[in-house]
Structure formats: structure tokens, C-alpha cells
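Participant: After the C-alpha cells below, expect a handful of questions from me.
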Amino acid sequence: MTDLQGQPAVQARLLPLLARLNFQLGDAEQALVYASQGAALADSLDPRSEATLRAQTELGTVLAGQGDYEQAAVHFRRAVGLSQAIHGRDHETTATALGDLAIVLADMGDSTSIARAIELGQDALDAARRVFGPDHVDVAQAHNNLGTFLYSADRPEEAIPHIERALEIRKAALGRHPLVANSESNLASLLRDLGRHDEAVVQYDGAIEVYRSTVGPEHPQLAAPHYGRAVSLIVLGRLSEAEVSAREALARDADALPEGHPFLAYDHELLGDVLTLRGQWAEAE
């Protein structure tokens, strides 16, 4: 960036792109440096600009990826306000910003944040429908998100129609694709919570197979279906298979997430439970 010292507007556009690239490459620390610099620079040039909107979104994304949900929410709230001011309510950027904020609130995990995530998720779905029509992949994403939030609020019966609709749209539009696997994994989690574990394992297996063939066997997206699969397999008494998936969930998250991320705690706890049930006391401890 030293060659652009006299071009702050260009730097403000490039820094969020560098943040995204580094984040996708797994360098979360450098991504945060670039995202923070980009947000500060864009804000200093024009706090109500499109560049500031992009920079706030990128910074929120990096922080959320590191598990700092509270700070991520601060930046996503700023992005929502900026998008509404710049583009209005019925715009794809506004719909996306609402969805981003809803996701990070749901990730906080407390009942108040999840309830707010459901409200924002419905707003994002309504906005996406107005902007794109009912059968667009962005509408599928909004359905998927809202279903996930309802699931987090222990309302699986309400969540199922949204996840099923997301899966329907994605299959029709995308065919064999990671987003189809995402919907299959989410549907499996709902079936699991309703006690339909045999059906859940079938759905998890389908999601894992699609992920492996589209993004590769070591991609972080495999963590969630392996985790859920292990939970259902424990209930079904298939402990050796459960151990395999529990180890896979931990390995995939450990490769992608910073030390201390809450998902790693859940993974360790699950693997410890499986090992305890299998009588492998020392490793379980």
C-alpha cells in the first residue's frame, strides 16, 4: 500500500478487499488489520459513503469469523443504517446487511439476541422477496437464515418450512452445490431436534457427501454436519461412527477457527462425551 500513500480513496477501496482475501486464505489476524485500517480510513474520508458501508461490512465479517460477535454487531448495525440511508429499504445491499446483523445476533446465543435476530431475519426475507422475487437464491439464503434462527430459539416446527423452501429453491437454481448441502445439513439438525435421528443421519450424510465433492474433504463447512451427525449417532447407539464424526468436527473447526472460539469448546465437549460412552476415560478427560 506504500505506492498509494497519496491516494487515500483508492486505499479505502482496496483495504476491505485485502481483508476479505486474507480472511478467505485463513489469515484472520492480517485480515483484521486490513479491515480495521479500511474502516477507519473510509470513515475519515466520508462517514456516509459507499466505501464506508463496504468497509464496515468487511470489518464485521472478520470480527464475526473470529467469534467477536458483540463488536461485529456494532459494525453490522452501522452497515444497515448506511445502506438504508444510501440505497433505501428495498435494495439488495440493505437486505444483505440485515441478514448479516441477524446472523451475528443469533450467534451470540442469548434469548434476547436470538429474538431480535428472528425479527431482523424476517425483515431481511421480506426485503429479499421485494428485491429479487420469490425464487431467487438470495431469497433462499434469507429463508435458510430465518429457519436457523427459529431453530436456535427451540422452535423447530416453525423453522422446517423455511429450511425446506431454501432447499427447494437452491436445488432448482444450483443443482449440486455447497449451498444445497448447507440446507440439507440445517434440515438434518431440525430432524435431530425433533427426535427423528435416523432421518437426520441420512440428511447429514447427504450434506457431507456434497461438501466433500464440491469444496473438498477438509473444508471448514464440513464441521457442522459432522457435529450434528455425531449427536444423532450417539442417540442411536452407533458410537464408533459418532466418534469419527466428532473428531472430524473438531479437526475442521481447529483448522479454521482461532484458539478460544466457542465452537471449539462445543467440539471438545462432544468428543469427550463420545469417548466417555466408549470407556476411553483418559482421553475423554
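Participant: Roughly speaking, what is the stretch gain from Ala282 to Ser213, that is 0.36 nm per residue apart minus the C-alpha to C-alpha distance, in nm to one decimal?
Facilitator: So the chain would gain 21.3 nm between Ala282 and Ser213.
Participant: Using only Cα atoms, find the angle between the long axis of helix 69-87 and the longest principal axis of the chain, and express it within 0 to 90 degrees, rounded to the nearest 10.
Facilitator: So the inclination is approximately 50 degrees.
Participant: Here's a follow-up. The range 51-70 to the range 161-236: how many Å between their Cα centroids?
Facilitator: The range 51-70 and the range 161-236 have Cα centres separated by 27 Å.
Participant: Leu270: net charge of surrounding residues, Cβ under 14 Å, Lys/Arg +1, Asp/Glu -1, itself excluded?
Facilitator: Summing Lys/Arg as +1 and Asp/Glu as -1 gives -3.
Participant: Specify the angular offset, from 0 to 90 degrees and rounded to the nearest 10, of the alpha carbon long axis of helix 50-65 from the longest principal axis of the alpha carbons in the chain.
Facilitator: Orientation of helix 50-65: about 30 degrees from the principal axis.
Participant: If you put +1 on each Lys and Arg Cβ and -1 on each Asp and Glu Cβ, how big is the dipole of the range 110-200 around its Cα centre, in Debye rounded to 20?
Facilitator: The dipole magnitude comes to about 280 debye.
Participant: Highest first, please rank the peptides 221-228, 53-60, 80-87 by the mean number of other Cβ atoms sitting within 10 Å of their residues.
Facilitator: 53-60, 221-228, 80-87
Participant: What is the extension gain from Leu174 to Glu158, computed as 0.36 nm multiplied by their sequence separation minus the C-alpha to C-alpha distance, in nm to one decimal?
Facilitator: 3.3 nm
Participant: Using a simple charge model, +1 on the beta-carbon of Lys and Arg, -1 on the beta-carbon of Asp and Glu, nothing else, what dipole does the range 32-187 show about its Cα centre, in debye to the nearest 20?
Facilitator: It works out to roughly 260 debye.
Participant: Let me ask something else. Assuming R0 = 30 Å, what is the FRET efficiency of Leu45 and Ala265, from their Cβ-Cβ distance, to the nearest 0.05?
Facilitator: 0.15
Participant: Using a 10 Å cut-off on Cβ atoms, rank the peptides 69-79, 179-189 from the highest mean neighbour count down.
Facilitator: Top of the packing list down: 179-189, 69-79.
Participant: Next question, about the same structure. Relative to the longest principal axis of the C-alpha atoms of the chain, give the angle of the C-alpha long axis of helix 197-214, reported between 0 and 90° and rounded to the nearest 10°.
Facilitator: 50
Participant: Where Lys and Arg each count +1 and Asp and Glu each count -1, what net charge lies around Thr61 among other residues with Cβ under 10 Å from its Cβ?
Facilitator: -1
Participant: Something else about it: Quote the charge dipole size of the chain about the Cα centre in Debye, to the nearest 20; the model charges only the Cβ of Lys and Arg (+1) and of Asp and Glu (-1).
Facilitator: In total the dipole reaches around 720 debye.
Taken together, the values in this text are just the output of simple stated rules run on the coordinates, not laboratory data. Bear in mind that the values here come from a model prediction, so they are computed numbers and not experimental data. No Cβ is skipped: glycine too gets one built from the backbone with ideal geometry, and neighbour counts run over all protein chains shown.
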